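Visitor: My structure is below; once you've seen it, I'll send some questions.
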Amino acid sequence: MRLKNNTSWLLIGLLLVALSIATVKTWLYWKNTHFSCTGELTLHRKDNVANVTMQYVFNGDTGAVLLRGEVISDNAPAEQVSQNIFFDFQRKGNDYFLVSKSVTDSTGNPTDIPLLKRTFPLFYLEPDAKFFLNIKQLTGSSWLFTTSRSPSLFCSR
Amino acid sequence: MGFRFADRIIRAYKSFNPHSECVRNSVNKQIILNGVAAFLPEKHRIIAINSGQPPLSLSIPASRCLALLINHQGEVVLREKFFHEVWVSNGAQVTNNTFYQNISLLRRAFKEFGLNEDYIVTVPKVGVKLENTLKITRSEEGEIIITERPLLATPVKTPPRKVVRSLPASLTKGWVGASALVFVLCLGAAFLTWRASTDNRFAEFKPLITQSSCHYFVNYDTSDYKKHRLFVRDFNLNCDSFKYVYLTAYNNFARFSAVACERPFSAWRENNCVTHYVITEDSNAFEK
């Protein structure tokens, strides 16, 4: 009888531990598509350097990224960056496949600045542009966005 | 003539209900044996007088046998009489063995109360006799010579009380301990599951060089640090605020990354970092 009771308690304990793991995994699965963060990026491309703040919002299968900053070039005057990109995305593990749906600047107009086009990927400038990100959580409040194997944004809440 | 008739009536009554003899003679009475023990026939019990000996409960047949022996002290009571008075009148049939076992129980009881067990004498194949040398005193109707101590006060009954008192405490202790253990295990499992989902790559970066107050680290999964060194040489990072720079580059990839943090990266606290990302046209070259 005692053995039976002990076995029952052991099974209940194991069940609770398994339930805890399942709960955390479910929460993490949900959290991977529902989070927002902000990062500072200096992007170097040829003679151009963009200093921007990127704010990402992921909400299920849609999201948005807001770019604020400026692009400096050796051969042209500095340009302000104020882009709002709304996108759809699909997630497979840590891989996120994004497609831009609506891209506007702060005035609500489409972007048509050559310097930005020479600096940023099309995803940040035009609708229906695809973009790939690998996103891994570093801590409870920070994520690392990777493009082409190299970290492209340290993003934190 | 009248006396004989009455005697016949009594005998007829006794033969009709022989069990009544031992019962009638003993109801509400205490029978003192040698002044050291009291036999309570209606309660089938022997209690000690002036000693700490706990009361002894007799089986009902043994008690009836003793009552019969007392009523016929000094006489040999036939086995058949025992059978009839103690068992048959109560609808039971027993063997000689059972009878002698009950007599043996009485001897043992006598011994326990300091009475000589030889007071009970077996006459082989005839019956049993209670010796006259045993001093017997009967209390009168309603007269109580000795008050029985409550049975619960005996040490025999004490252990169950202790168990009843201590069991819930031990159960409670076990329950709290097990719950605490399960709670800790759940927390540990949840924490490990969460930790397993996080990336700890910066902790594995290798130190490359310290220059102009910048501490450079390189990704652990490459052995060619040419691009890293070129970056350190050509990009004069301002390390006033972000002193710890984690460099990532691979051969055949036209991308270079430098994550610069205020403090060494730690998974256990907030990290304040900025990212430098370089896009080159030639994957095998590194140019500013």
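Visitor: Would you mind stating whether B:TRP194 is closer than 30 Å to A:ASN6 by Cα, surrounded by 11 or more Cβ atoms within 10 Å (Cβ to Cβ) and either more than 10 Å from chain A (Cβ to nearest Cβ) or modelled with pLDDT of 85 or more (or both)?
Guide: The answer is yes for B:TRP194.
Visitor: Please note which strands (runs of 3 or more DSSP E) are completely contained in the stretch A:1-102 and include at least 3 residues that are more than 14 Å from chain B (Cβ to nearest Cβ).
Guide: Qualifying strands (runs of 3 or more DSSP E): A:48-59, A:62-73, A:79-92.
Visitor: Pairs, please: C-beta under 8 Å, at least 6 apart or cross-chain, first residue touching a residue at least 60 places away in the same chain (Cβ under 8 Å) and in the stretch B:221-239, second buried (at least 16 other Cβ atoms within 10 Å of the Cβ)?
Guide: As it stands, the answer is B:LYS226/B:PHE286, since those pairs meet every condition given.
Visitor: Condition test on B:ILE136, is it farther than 30 Å from B:VAL259 by Cα and at pLDDT 75 or above?
Guide: So B:ILE136 passes the test.
Conditions (1) modelled with pLDDT of 85 or more; (2) at the interface with another protein chain (Cβ under 10 Å from one of its Cβ atoms), marked per residue:
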site	(1), (2)
B:LEU230	yes, no
B:PHE242	yes, yes
B:PHE256	yes, yes
B:PRO264	yes, no
B:ASN271	yes, yes
B:ASP282	no, no
B:ALA285	no, no
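Visitor: When you look at A:THR119, is it away from every other protein chain (no Cβ under 14 Å) and in contact with a strand residue (DSSP E or B) (Cβ under 6 Å, 6 or more places away or on another chain), yes or no?
Guide: Working: away from every other protein chain (no Cβ under 14 Å): no; in contact with a strand residue (DSSP E or B) (Cβ under 6 Å, 6 or more places away or on another chain): yes.
So A:THR119 fails the test.
Visitor: Across the stretch A:122-157, which residue is nearest to A:GLU79 (Cα to Cα) among those that are more than 9 Å from chain B (Cβ to nearest Cβ) and assigned to a loop (DSSP other than H, G, I, E, B)?
Guide: Among those that are more than 9 Å from chain B (Cβ to nearest Cβ) and assigned to a loop (DSSP other than H, G, I, E, B), it is A:LEU125.
The values are calculated or read from the model by the stated rules, or taken from the named source; none is laboratory data. These numbers were taken from a predicted model, which means no experiment stands behind them. No Cβ is skipped: glycine too gets one built from the backbone with ideal geometry, and neighbour counts run over all protein chains shown.
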